1. Give the residues of the range 214-245 that are hydrophobic (A, V, I, L, M, F, W, C) and loosely packed, with under 13 Cβ neighbours inside 10 Å, sorted by residue number.
2. Identify, please: which residue in the range 154-176 is closer than 13 Å to Gly129 by Cβ and either touching a Pro at 6+ places or on another chain (Cβ under 9 Å) or surrounded by fewer than 12 Cβ atoms within 10 Å (Cβ to Cβ) (or both) and is, among those, modelled with the highest pLDDT?
3. Please indicate, with yes or no, whether at least one residue in the range 133-144 is within 17 Å of Glu63 (Cα to Cα), in a strand (DSSP E or B) and under 9 Å from the mean Cα position of the chain (by Cα).
4. Run down Asp192, Asp240 and say which single residue is in contact (Cβ under 8 Å) with a residue 24 or more places away in the chain and either in a loop (DSSP other than H, G, I, E, B) or not assigned by TED's automatic domain parsing to the domain that holds Val140 (or both).
5. For the range 127-153, which residues satisfy the criterion of being among the hydrophobic types (A, V, I, L, M, F, W, C) and at pLDDT 90 or above?
Amino acid sequence: MFEKNLFETIHFQKLVSSYVIPWSINILFALAIFFIGRMLARVLVRLLGKLLHKSGTDLMLVEFFKAIANAALLLLVIVAALDRLGVNTTSLVAMLGAAGLAVGLALQGSLQNFAAGVMLLLFRPFKAGDYVEAADCAGVIESIGIFTTTLRSADNKEIIIPNGSIYKGNIINYSARSTRRVDLSIGVGYQDDLRKVKQVLTDTIQADARVLKDPELLVAVDELAASSVRLVARAWVRSDDYWPVKFALTENIKLAFDANGISLPYPQMAIHLDKNALG
């Protein structure tokens, strides 16, 4: 009986010394690696966010980079903790890589939009509030997301465009410059006094205070067409004033021409009848 108890005691001590104590130490170290590593990851992510803010990076892109950095650092911490427990992390990393490749292939279109969203936020061809044409759509930029960009059309429709469609095509940003040129094409009759026409055009356009003095207004003959003399007027305005000025000038020019007896010809067809042919 004494020998049996002694054997059980020795066996228990061996079990404790060979398994319980080493595993307890490994678990404690793994937990320490995890919690300390997670704290360090948070500190590094906050530091990254401050550096990106100081560099003027877009807020959405800052949050995106912070999320990616946090996920990557947390993954490293977990792998290090599992390695301390004796888990074969090489196989685990290989398995995660294979899973990531499979997910990437399945979400190829979404990843394309994601990459395009990152490029749009990095290079900033437009910003919220700009009026743009992109992907055969036009409107004011409401928001720029990682996967899509939202526009508001002139008639107040919401347009959501995948970023990949925007980035692979041409982008026309009407708000990128502080000034825009208003181009007007006007036709007058051949019988009208051309010098008077140009003077009336010049006076009418310059009477609008929103028309800029520099660059200088241009009024010139553009074409001697079949039924009219075509003139072009090019006036520079602030970008925000483009449409109001264009509409106002179009109306004011018609009123000024009426007041000065200047004709605005339109296509006409003259039909001549041969009396002899009619009998």
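1. Here is the first cut: in the range 214-245, the ones hydrophobic (A, V, I, L, M, F, W, C) are 217-221, 224-226, 229, 231-233, 235-237, 243, 245.
Matches in the range 214-245: Ala220, Leu224, Ala225, Ala226.
2. Keep residues of the range 154-176 that are closer than 13 Å to Gly129 by Cβ, which gives 173-176.
Filter once more, keeping what is either touching a Pro at 6+ places or on another chain (Cβ under 9 Å) or surrounded by fewer than 12 Cβ atoms within 10 Å (Cβ to Cβ) (or both): 173, 176.
Values: Asn173: 95, Ala176: 91.
Only one residue tops the list, namely Asn173.
3. If we filter the range 133-144 for residues that are within 17 Å of Glu63 (Cα to Cα), which is where we start, we get 143-144.
Filter again for in a strand (DSSP E or B), leaving 143-144.
Next cut, under 9 Å from the mean Cα position of the chain (by Cα) only: 143-144.
Yes, some residue in the range 133-144 is within 17 Å of Glu63 (Cα to Cα), in a strand (DSSP E or B) and under 9 Å from the mean Cα position of the chain (by Cα).
4. Values: Asp240 fails: in contact (Cβ under 8 Å) with a residue 24 or more places away in the chain.
Among Asp192, Asp240, only Asp192 is in contact (Cβ under 8 Å) with a residue 24 or more places away in the chain and either in a loop (DSSP other than H, G, I, E, B) or not assigned by TED's automatic domain parsing to the domain that holds Val140 (or both).
5. First pass over the range 127-153, keeping only residues among the hydrophobic types (A, V, I, L, M, F, W, C): 128, 132, 134-135, 137-138, 140-141, 144, 146-147, 151.
The answer is Val132, Ala134, Ala135, Cys137, Ala138, Val140, Ile141, Leu151.
Condition check ((1) assigned to a strand (DSSP E or B); (2) among the hydrophobic types (A, V, I, L, M, F, W, C); (3) under 23 Å from Val62 (Cβ atoms)) across all residues:
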| position | (1), (2), (3) |
| --- | --- |
| Phe126 | no, yes, yes |
| Gly169 | no, no, no |
| Ser175 | no, no, no |
| Ala220 | yes, yes, no |
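The values are calculated or read from the model by the stated rules, or taken from the named source; none is laboratory data. Note that the structure is predicted; figures quoted are calculated from it, not measured. Don't worry about glycine lacking a Cβ; one is built from the backbone with ideal geometry, like all the others, and counts go over all protein chains shown.
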